[in-house]
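For reference, the structure is listed below as structure tokens.
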Amino acid sequence: MQKILLLEDDTALGSGIQLALENPSVQIRLCRTLAQGKEEAARNAYDLLILDVNLPDGSGLELLRQVRQVSAVPVILLTANDLEMDIVTGLESGADDYITKPFSLAVLRARVNAQLRRGTGKPAYFKLDDFTFDFDAMEFRKNGQSMDLSKTEQKLLRFLVENRGQTLSRATLVDRIWTDGAEYVDENALSVTVKRLRSKLEDNPSSPKYLKTVYGIGYTWAVK
């Protein structure tokens, strides 16, 4: 299931976009204010962001710049502004595409599909502080020392570091990690996997420096 965050204050347009894009393999989360968009982007991970620039409480560019500090997730901007400077500002802020209103939903759908395809090519190698994680080679090191990680631990670690700095809900993690079609996953399975991964990564697992718990929500890979 691919997830898209749509930030659009126009009720009719937002609903129309949601109807045009949502299908059994794509889920849309519609927000109507910048504040709602910021909260949702901080709490959950998405495969694509579609952001309106002009909002009642600010600009989608603000959320774009915030997201770009921690993530390379594809971003499409929607706006009525068609001036060259507006387009340049959006692209230089980190947008992957820029669509001016009014637009064809068919064209939007094609652009969205193109970004979702590009988004699957996420990096598989990370060097973070004392760690090196090579998910293609399945080689994981801390201070140069090799670590053995189970497949489930690898999935959890990769999703966390791909979205470092973001708080990922327990439900999102379960949905992304246990993708084998099982109808029910004991929630304790996530807690156990986190505990085992911490024991391998952290110098002091009881007071983690990297894989942190956000109480009542989920977990995050802390950005230093």
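The values are calculated or read from the model by the stated rules, or taken from the named source; none is laboratory data. Keep in mind it's a predicted model, so treat the numbers as computed, not measured. Virtual Cβ from ideal backbone geometry, glycine too; neighbours counted across all protein chains shown. For accessibility, only protein heavy atoms count, side chains too; no ligands or nucleic acids. Shrake-Rupley method; radii C 1.70, N 1.55, O 1.52, S 1.80 Å.
Structure summary
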| quantity | calculated |
| --- | --- |
| Answer from Lys200, Lys155 - the residue that is at pLDDT 95 or above and open to solvent by 50 Å² or more (accessible area, probe 1.4 Å) | Lys200 |
| Cross-chain or 6+ apart pairs with Cβ under 8 Å, segment 6-34 first and closer than 13 Å to Leu55 by Cβ and free of Cβ contacts under 8 Å to residues at least 60 places away in the same chain, then part of a strand (DSSP E or B) and among the acidic types (Asp, Glu) | Leu7/Asp52; Asp9/Asp52; Asp10/Asp52 |
| Residues located in segment 106-131, provided they are closer than 21 Å to Asn204 by Cβ and surrounded by fewer than 16 Cβ atoms within 10 Å (Cβ to Cβ) | Leu128, Asp129, Asp130 |
| Arg29 vs. criteria open to solvent by 20 Å² or more (accessible area, probe 1.4 Å), among the charged types (D, E, K, R) and not in a helix (DSSP H, G or I) | yes |
| Elements of type strands (runs of 3 or more DSSP E) contained in segment 52-131, each with 2 or more residues being touching a helix residue (DSSP H, G or I) at 6+ places or on another chain (Cβ under 9 Å) and modelled with pLDDT of 90 or more | 75-79 |
| Selection within segment 32-42 - crowded, with 16+ Cβ neighbours inside 10 Å and in contact with a strand residue (DSSP E or B) (Cβ under 7 Å, 6 or more places away or on another chain) | Leu34, Gly37, Glu40, Ala41 |
